[in-house]
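Everything on this sheet refers to the single structure shown next.
The values are calculated or read from the model by the stated rules, or taken from the named source; none is laboratory data. If you're wondering where the values come from, they're calculated on a predicted model, not measured in any experiment. Reconstructed Cβ throughout: ideal geometry from the backbone, glycine too, with neighbour counts over all protein chains shown.
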Amino acid sequence: MDLSEPGFELEREADEAFAGLVDYFREYRDCADLYTESPKFEVYDELQSRIDGLKALGVSLRYAERKMQVKWGADPDAKPMPVSVLYVVAFPLGKEPDQFATPKSGGIRF
């Protein structure tokens, strides 16, 4: 699971590049277990190329990971499922924070 968003107002070209990175990452994440080891290098190269493209547009990325327990459905007795949440936030190049806060709870909409 990921929560990816810009931390500032992006210019159109940078906004499209960030959206492309997020889409590509999510497509890979959803089927990563189907990849054998060698083809993963192409994915890593493409991700790095997209990150480099954002840097050229004046955008830097920061990330954080949080382990959480989530319940699906309305059943109060449902057993929580462990998940890792990846937060990817875009910042202006050179103005990145050393740290940023991640929410401890939240809703998931489908």
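So here's what we get for this one:
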| item | result |
| --- | --- |
| Residues of the stretch 35-77 that turn out to be in a strand (DSSP E or B) and of a type in the set (A, V, I, L, M), as a count | 5 |
| Candidates Ala64, Ala14, Ala56, Ala32 - the one that is of a type outside the set (Phe, Trp, Tyr), closer than 16 Å to Tyr87 by Cα and either under 16 Å from the mean Cα position of the chain (by Cα) or surrounded by 10 or more Cβ atoms within 10 Å (Cβ to Cβ) (or both) | Ala64 |
| Residue that is assigned to a helix (DSSP H, G or I) and in contact (Cβ under 8 Å) with a residue 40 or more places away in the chain, where the choices are Ala32, Ala14, Ala19 | Ala14 |
| Residue ID - farthest from Lys55 (Cα to Cα), chosen from residues in the stretch 83-104 that are out of contact with any strand residue (DSSP E or B) (no Cβ under 6 Å at 6 or more places or on another chain) and at pLDDT 90 or above | Lys95 |
| The stretch 92-108 residues that are over 18 Å from Pro6 (Cβ atoms) and outside any loop (DSSP other than H, G, I, E, B), paired with ones that are at pLDDT 75 or above and of a type outside the set (S, T, N, Q) (beta carbon under 8 Å, 6 or more apart) | none |
| Selected residue [within 22 Å of Ala101 (Cα to Cα) and either in contact with a Pro (Cβ under 7 Å, 6 or more places away or on another chain) or at pLDDT 95 or above (or both)] from Glu16, Glu46, Glu9 | Glu9 |
| Which listed residue, of Pro6, Pro39, is in contact (Cβ under 8 Å) with a residue 60 or more places away in the chain and either loosely packed, with under 13 Cβ neighbours inside 10 Å or in contact with a strand residue (DSSP E or B) (Cβ under 9 Å, 6 or more places away or on another chain) (or both) | Pro6 |
